[in-house]
Each structure stands twice: as structure tokens, then as C-alpha cells.
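Since the structure comes first, as C-alpha cells, the remarks are kept for the end.
The values are calculated or read from the model by the stated rules, or taken from the named source; none is laboratory data. This is a predicted model, so every value here is computed, not measured. Because the Cβ atoms are built from the backbone with ideal geometry, glycine has one as well, and the counts that use them run over all protein chains shown.
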């Protein structure tokens, strides 16, 4: 009891000294380990990215990456507390330490990267902003609209992109900013706006989850912007930043070597490529620099799966999205997803 | 003009049939307006119905639908809102309350959804909504169950913790007992006591650990807590093992339920784990519920929007319809107004303005300008225009005719004036009041009148004054009287000598209108010629007079002896009646009669030629004349072996009996003369108001080429020599002259070798009581007996012969030889003479007129006078007429004289009777 109390006192002292000694040298990983679980900021009813099933289990693309980080850092994919966030409060939540990691369909932009004291740890999905329109409007292109109103969520890149796009193309569109993603959908469904713009994945997810009759809507072919979505961390913890980046990279490398949840445990390690072996075993890799054990990547693949598995699970044929990989294919497949060498 | 009039009249008669264009147009216009009005009314009604329909739709369908839809939205929103409050429920009662409220909402929503079917939402959609509703309901139930479970688990947890606290208290009591002095005496060593204290501490740590579990927020932490607990539990067990056995047994006994309570199947950890699981499920359920609710709301909002859109659409449709109808109404109204305007304009153009034009045209025509009459169209106005045209044309024609007439009149007047002007005569025309109408320059020139003096209107008297005062007339004193005589028609013309020596002839004639037209001719030349002519005439007249005088004298001188010879022969015949030389005397007498006859004829003809014979027409009975003639000629006829007969007649004629007798005598004489065998018939044929006295004979007849010439003087029939005694051939000439005087035409019908018929046509006379006169006339001289006659004669032979004859008739003759014997003493001895018989030429100093005046002065002014003369000139006749005396021409035939005397006697008797009656 005494020792515990003493330990706690010491720990508090260390932390306060640590805080004092360097604001730069925060150890998110230690905090997580102390806490016992990861606080991961995700979307609210963000179909395909972060939803809860009927049994209360969190699912989704973003959720899977949260779990991957959790299993790498805490050796438990369940050790995640998902914090649903709306688009406007997400960076505040991160900055306020309410979450350790933000994986909430957040677009990597220059301004966000440099002014919000955050780091984008990579790109999990190369998305693009598109328009959703009611079929009733009988539009085949955004250029055909005239005097329509378009709903967009405030605090997103979508709003700025939209304004630029309207200005650039001289469209007769009235912009109707809505505070939340759910509100945007509601406004759209209540026909307060004729069009809605957001990332393609978001629009498709909404159609899948929120809309009663998705066949009445159509996604227009015009692409407003490129939207590289990825996890965001505070910029005060390079170790944590690196951890998150390499967890994501590990899923890509696993896909590259066709490692998956199903085959990772029955693998004959000897036949693996050296990088794959390194991934599975951690041999020769300085994992301690990340304060991780050698099997972190193995656990990621075992508990969550390769990128291909994650994508297929959430956006593949079985998901209802049925989004082709497109740009989100590996570099080796002609896509944009690229992982630095694991060595 | 004629042509135009025809042209004008022909269409007129054909176009005079009426047209009904304007009537039809008026009715058509009226009908069109009525149709317009009807259309507008129908559209108004239709529009009103549209509005009503719209209103009905809004009230009956639109509003309820929207209300239902909004209700549905509200219900779904509040239904979704119940979920968090359900999650927040901490007691079962609260949960139950919320669930009941949810049920209420569910029921309301169910009704709202079922209402949608009434507003045209398909059954499929409603089923869709209902499935959502049921799913929501189900998820609510599940949520409710989960919440109940949570509450249950919370209760279990509380109970477990309370029990744990009880156990802890029991264990603390145990350990406290063990640790106190008596217990220590039971054989616990100080080490053992320390060990026991250590156990108690460890147990306290466990209890704290367990109590901490209440604040675990993540199952990962719970798991860690559990492993910590397990570690500590193992440590506690180990500590227990170091304790004395009975203590250890005691404590183990005490710990066993605790352990079950904490880590048992229904222990605190299991409970918390279950709570996490439940919570996870609850949130999963909630999330699911939220999704379903979201979709439901989306579905509802789609439906609501659809309904709204439909209502709006329908509303818009109706609005559009209404707007269309209003537009249509306005359009049709405008159209109607326009139509009305057009109709008005049309009527104005086709009726009013045309009428106006026609009116103006009429005025124009009335004012005399000859505008063309507008004849367009084919209606009543056209008829009117046509009528006007006919009227105008008729007027024009008449005007033209008038003009022509006027022109002609003017021309005629000009011609007349020209003629008058160019006439060499002076022409002047006065009206009834003798005011000057016109005169020509010739007239002016003749009298030297100035223009001013012969102004129309100047009175004749003024002109006459001018003439008489101006000394332009040679004999002004007579002039006025002459003019007066001329004016009154007493003289037919007036020859006037002007002061300058010019001769004028004035002819004046009354016009039909009572005016006077005068022709003043310069007759200097004529006067000259007249003078020449007159001198020639005078010469001729002198020669003629000489001849006449000669003839008269000759006849007078011849007559006296012839007259006396006749008287003597008469005497001689009487004497020689019984003597041997009676035959000779008779022959002499006959010769004398012939000679006397021929001589008489010559004288008669000379008298007729002299125009000295005037017929004395009277009504008389013809028969006596005819019978007398018949008996007169029957002797001669019988001698020739002819049958002469006069058919008896009762007709009265109006003629001069003497002349007629003479004519008939000629006829009969000729008939007897030129008829050898056969007969002579005198008959009367009635021809209307006239009779024709015809003398038929069966004589030699007259050749056709000689039928005219026989009436000439001294005509002798070629074969007359054969027929013995012949005359001078004057008979028919005299007859012809007499017939002319009687105005009784003589006709001749003749067939050569078969006979002739001479006839004379005379008027039928009036029936009067003169039958007796003729009888008396024919009744011999018996009545003359005793009548006194005064006879004046300067020829002693004639005086003696006349006296003897009159005395033989029984008259008492007072004979005067010449007028110097007519003394008042002798006349005074004569009483009541019947008449005076005097010779015309008595001597150089005394005329018959004086004799008559003298005798009448002695007796009475109306004493009948008979003048006997051998003078065939007009003088004795004029004198006889002036004296109202009878005239006998020598040689006087005794019968004639007797007849005259008897007539005078009758007249005197009649006047006597009349006097007696009075």
C-alpha cells in the first residue's frame, strides 16, 4: 500500500517534472499504457468509418485503424475507447488531450498541418469531394445546376473547396453550411438543399446508413478536390507520431506481401520475404525506439488485418459501398498508397 | 338623257326589292355579343369553380395532408428523442413511464401513418413506414429490456457491494477479536499477530480494489483490475497460510463467500463485465435505433416532402389553372371588348358612317353638288342609297329635262326674240293690264322710243301719251280712238301715218291669256303698192261698175218692157182664151216666158255674182213645195210622155224656201229636159239630222268627165240641141251658187245612158205651226181681195201693168206715178193700206228711201214696204235692209209678188191678233 502510494506520488512527480521539463517530450504511449486503453476520436454514425453495430461493437475503416494502433501499443485491439466527435470539435478534442489519436475522415491540408499543432501521420484513404444530388433534379453534371442550394458541413475542407469550385466554375449554387454531418444529411433529406457535397466515402456511407431510399440519389461525376484522409496526432510526441505512421505502413506492407489475418498465424516464416519476415517477427528492427515490443506488427495483422482486408471489410463488395480501390491501391498496383521500407 | 334615265330606272326597278343586310348584321352582332357574354359567364363560372376547387382541395386534402405529415414528423422526432431519456432512466418506474409514453407516441404515429393512406400514400410506402415503426418499436422494447437489465445489474452490484461490506465488517470483527489481548493469549505470537495485521491490510487493499471497480470506465481496466485482484487474492491466500491453522481456517471460512461474491459467476467482477457487455449492447442497440430512427425520419421526411411537393404541385397546378382561367377570362373579356368594339366599329363603318355619308350625300345633293352616291354593300342602306340614287337621278333627269326645256324655251325664246328682233316689223307684247312685256328694237326704232321708255312694265297709255304728246303721229286726235277700236276688235288693223311720213300698219291680237300682241309694220312700200293697186282697182272697179251699170241699166231697161210685156200677155191670154189666135198668144206667152226666164237667169246669176243674195232660213213643210213643183212640171212631163211624180213626205226642213225651190226647179227642169222616155221621180231620203231631196230621172246621164263642168256657167250639154228648148246654160251654175249660199251640198250620181240623180242635202227643220202658212201661201190670191196697196212707179207701163194685175187679185190699188204725186192729201184718203210697193229708182231727186219714209210717216213706221228694182247692185239691197223692206227684182213674177203680199197680210193679221189678245 505504501509502495503503491509512494509509486503514485513518484509517478505524479515524474509526470509533473516531465511536463515542466519539456512540453515537447510528452509520452502519449505512457499515458495510454497508464490509462490502459487508447482514446481514439472517431465520427458519429460515420458509416463505413465508425459505427456501432446492434451488439454495440464498433466497426469501420477508422475504427479498424484505431484498433490497429491499440493492439500495437497496448497489445489489445479492444483497449480502445472510441470518442465520437463531430467535425468541428475534433481538433479541439485532440488538442485538449481528450483523445490520443484522431482518425475521423480528416483531410490532410497544409493549414491544418502547420497551424493546428497536429501532425498527419499518413494517408489511410485517398478520398475526393463530390456532389450528391437528388435524381429528381435530373442532373448529369454539376454544371447543369441553376439556382440550387448545396449543403456542406462547416469546419470541413469541403466548404472551402466548394466555394473555390463555385468561384472557379461560375456555378449558380447557393451554399448552405450546416453545423454537423448529421444535420447536413437531415437538411438534405428534408430537401432544404438540393445538393450535398462531401467526400465520396462520406456520401456513400450516408446513403448506405442514413437514407431510406438511396436509389433516389446520384453522385455527380465532378470531383471537387482531392481528400487525403488520415490519422492525426498532436505534434508534441514524435514517438507516438512514428508509432501511428508505422502501424499504418505495416498494414500496407502486409498487403504487399499478402499477409492477412487468416494466414498470419499459420505462416511459414522461412518462406517470407525478408521485409515480411521483419514485419512478422520484428527481427532486426529497433522497436524499442517506439517503446514497442517486436511483435507489434504481427499483432496488427493478426487482430486487424492488412490494408486490403480493412478496405474490403469496410468498403468492399460485402459492405454495401462496393467502392473500387482506385487510387487507394498499393503503389505496386498503380495506386497512391505507399509504405517506406521496413528495415 | 333618255339613255341615262333608262339606265337609272332599270336597276331601280330590279333593286327595289328590300335587303335585310343590316337587320341580319344587327342580329348577328347581338348574337355575337350574347355568345361573348355567355362565354365570359361560363369562364367566370368556371374560374369561380376553379377557385372553389382549389379552396376545397386546400381545405379538404392539402391542409389535412400537411397536418398529418407534420404530425408524423413530430411523432417520429419525439419518438427518437425518447431514446436518450430511456437510456438515462435509473429506475424501473421511470423506464416504465418512458416506455408507456413511447407506446403512446407509437400509437399516435400508427394512426398518423394510417391517415396517410387517406391522402394518397401508397400501401407499399405505408407498409414501409410501418415496418420502420415496428422496428423502432422493437428496438425501443429491446432498449427498454437492456435498460431494465442495466438497472437490475446495478441493483445486483449494489447488493453485492453491501454484502461485501457486511462480510468485510464480519471479517474485521473477527480479526479485531483475534487481535485483542485475550485472543493474543490464545497463543498468537507477535509474529503471528503481525502476520494477521498484514492479512488485514491485504484484505483492506482488496476491498478498496473492489470498491474501485465501481468507477471503472473501460473493460480493459476491469480486466486489469481483476488480475490485480487475483494477484492480491493470491497474496492474501499466501498470508493466510502463514497464520495459525485455526485462524487461517476461520479466516478462510470467512473469505469463501467473499471470494464467491467477488469472482463468482454472479460476482462483482462478472457483474461489471456483464454490465460493460450490456452497456455495449445497449449502445449498439441505441446506435442501431438511432440509425433506424434516422432512416425512418428520412423516409417520413421524404414522404412529407413528397406530400408537400404534391400539395404544392397540386396547388400550383390549381393556381396555374386558376391563373390560366383568369388569363383566359381576361383574354376573353378583352376579346369580348375587342369583339364589341369591332362589332361597334363594323356597325359604325357599315351602318352609321354609311348613314352619315348618305346623309351628307343627301345634304350635298340638296345643296346641288353632284357627289357620287355610295352604293357599296347589299343591304338596307344600299337600298336607301339606291332609292336616293333613283331620286337624285329622277331629279337630275327632271332638272335636265327642265334645263333642256328651259334651254329649248330659252332657245325658242332666243329664236323668237331673234326672230322678233330680226323681224322687219315692230313687235310689242302687253299683258292683261296693258303693261309692256317686251318689244323689239324695230318697234323702238319705229316710234323713236328710248330704252328707258320701253322698260317692261310700262303702261300702254304712257306710250300713247308719249306718242300723242311727242307729235310723232300725223293725226294724233284720231289716234287714240283708232287704237281703242283696234283694241276692241272693231277694226282688224290700223294703218297709221307718222309725222315723218312713215306709214305703219298696226295689227293687234288678243292672246289667249288676255294680253295683247301688236305688230307694227312699216308699210310705206305697201302703201305705195296699195295706191298703185288702188288706182288699178279703181280703174277695174270703174270698168266693172260700168259693166254692172250697163248690165243693170240694160237689165233695168230690158226688164221694164219685158215686165210690162208679161203683164200685157197675161191680159191678152185672158182675152184670147176663146179666140182662134189663142194658140198664137199662148206661143207668144210661152216665148215671153222663156225669154223672161233666161233673162231672169242672167240677172239672178249677176245678182249671185254680186253677192246680193242672202238666204232667209226658216222652218217649213217640204211636201207642199214638192207637190207644187210636181204639179207645175207634170204638164210638161206629160207632154213628153214622162211620168213625173213626187213622193209625199211629212218632213219639215230648215232652209230658204225660195232658194230651195229654185234649186229643185232647176233639178226637175233639167230632168224633164234631158229625159226622153221613162220617168222623173222626186223623193226625200232621210240622213240623220238632214234629208236629201233627190231628183231621179231615166235620162241620158252625164259622162264622168263632165260631172264637174256642168256646174259651170253657160254650160251646154252636147246633146242639148236634140232636146229642143234650151236655156242659157246658167241653171246649174245658179244652183251651185245657191247651194253654196245655203251650205247645202249638191250631189250628182249618174250613169251614162241610164239616168242621173241630183240631190241636195238640207237640215231637218223644227216642227212648228207654219203648215198653214204654206197652205195659205199656196192657196191662191183670194185672200188679197179688198186689201189696199200703195203703188209708186215712175214707169207708166209698169205702173199700169202692176195696177191691172193687183186689181185682178181684188186689191184696191192706190197708184202714184212718181213721188211727186205722193201728196199728203192723197195719202190721207187711203185707209189701212196693207203695204207699199215702190220702184227703187224713181227719179233723180227722190229715192225709194224717201218714198218709204214719206208713206210710213203718213201711216205707221212699220208699214210693210216692197221695193221693186231692176238694179242688181248692192245698193237697193242695203237700202231695203236698212228700211226693213222686202226687195223684189224685176221682172217681178206675179206669183212671187202674191206670195209676198199674202205673207205681209198674215203678219199684219198676227200682230192684230196679238193686239187683240193683249
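Descriptive notes on the structure:
- Restricting attention to region A:249-303, the residues that are crowded, with 17+ Cβ neighbours inside 10 Å, over 24 Å from the mean Cα position of the chain (by Cα) and in contact (Cβ under 8 Å) with a residue 40 or more places away in the chain total 2.
- Single residue of A:52, A:92, A:35 found to be without any contact (Cβ under 8 Å) to a residue 60 or more places away in the chain and more than 9 Å from every other protein chain (Cβ to nearest Cβ): A:92
- Residue within region B:720-732 that is at negative phi, modelled with pLDDT under 80 and out of contact with any helix residue (DSSP H, G or I) (no Cβ under 9 Å at 6 or more places or on another chain) present: yes
- Residues that are crowded, with 24+ Cβ neighbours inside 10 Å and in a helix (DSSP H, G or I), drawn from region A:25-66: A:61, A:62, A:63, A:64, A:65, A:66
- Index of the failed condition, residue A:71 passing every other in (1) at the interface with chain B (Cβ under 10 Å from one of its Cβ atoms); (2) buried (at least 21 other Cβ atoms within 10 Å of the Cβ); (3) farther than 26 Å from residue A:156 by Cα; (4) out of contact with any strand residue (DSSP E or B) (no Cβ under 6 Å at 6 or more places or on another chain): (1)
- Criterion: surrounded by 17 or more Cβ atoms within 10 Å (Cβ to Cβ) and within 14 Å of chain A (Cβ to nearest Cβ) - qualifying residue of B:318, B:300: B:300
- Scanning region A:296-338 for residues that are more than 17 Å from residue A:127 (Cα to Cα) and assigned to a loop (DSSP other than H, G, I, E, B) yields A:304, A:305, A:306, A:320.
- Residue check, residue B:294 within 9 Å of another protein chain (Cβ to nearest Cβ), assigned to a helix (DSSP H, G or I) and in contact with a strand residue (DSSP E or B) (Cβ under 8 Å, 6 or more places away or on another chain): no
- Subset of region B:422-454 (residues that are more than 46 Å from the chain's Cα centre (by Cα) and loosely packed, with under 13 Cβ neighbours inside 10 Å): B:422, B:424, B:445, B:450, B:451, B:452
- Flag for residue A:102 being touching a helix residue (DSSP H, G or I) at 6+ places or on another chain (Cβ under 6 Å), more than 14 Å from chain B (Cβ to nearest Cβ) and free of Cβ contacts under 8 Å to residues at least 60 places away in the same chain: no
- The set of residues from region B:207-248 being within 13 Å of another protein chain (Cβ to nearest Cβ), crowded, with 18+ Cβ neighbours inside 10 Å and not in a helix (DSSP H, G or I) comprises B:216, B:218.
- The listed residues are B:276, B:286, B:203, and the only one of them that is part of a helix (DSSP H, G or I) and farther than 28 Å from residue A:32 by Cβ turns out to be B:203.
- Search result, residues across region B:444-500 that are touching a helix residue (DSSP H, G or I) at 6+ places or on another chain (Cβ under 6 Å) and farther than 24 Å from residue B:423 by Cβ: B:468, B:476
- Some residue of region A:157-173 being within 14 Å of chain B (Cβ to nearest Cβ), under 28 Å from residue A:327 (Cα atoms) and either crowded, with 23+ Cβ neighbours inside 10 Å or touching a helix residue (DSSP H, G or I) at 6+ places or on another chain (Cβ under 8 Å) (or both): no
- Some residue of region A:92-104 being surrounded by fewer than 23 Cβ atoms within 10 Å (Cβ to Cβ) and modelled with pLDDT under 90: no
- Residue B:626 part of a helix (DSSP H, G or I) and at pLDDT below 75: no
- Verdict on residue B:867 being surrounded by 19 or more Cβ atoms within 10 Å (Cβ to Cβ), in contact (Cβ under 8 Å) with a residue 40 or more places away in the chain and part of a strand (DSSP E or B): no
- Verdict on residue B:279 being more than 8 Å from chain A (Cβ to nearest Cβ), out of contact with any strand residue (DSSP E or B) (no Cβ under 7 Å at 6 or more places or on another chain) and under 30 Å from residue B:155 (Cβ atoms): no
Yes or no, residue by residue, for (1) crowded, with 23+ Cβ neighbours inside 10 Å; (2) within 14 Å of another protein chain (Cβ to nearest Cβ); (3) farther than 23 Å from residue A:323 by Cα:
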{"residue": "A:106", "(1), (2), (3)": "yes, no, no"}
{"residue": "A:121", "(1), (2), (3)": "yes, no, yes"}
{"residue": "A:131", "(1), (2), (3)": "yes, no, no"}
{"residue": "A:154", "(1), (2), (3)": "no, no, yes"}
{"residue": "A:182", "(1), (2), (3)": "no, yes, no"}
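- Checking residue B:436 against (1) within 21 Å of residue B:526 (Cα to Cα); (2) at pLDDT 80 or above, the condition it does not meet: (1)
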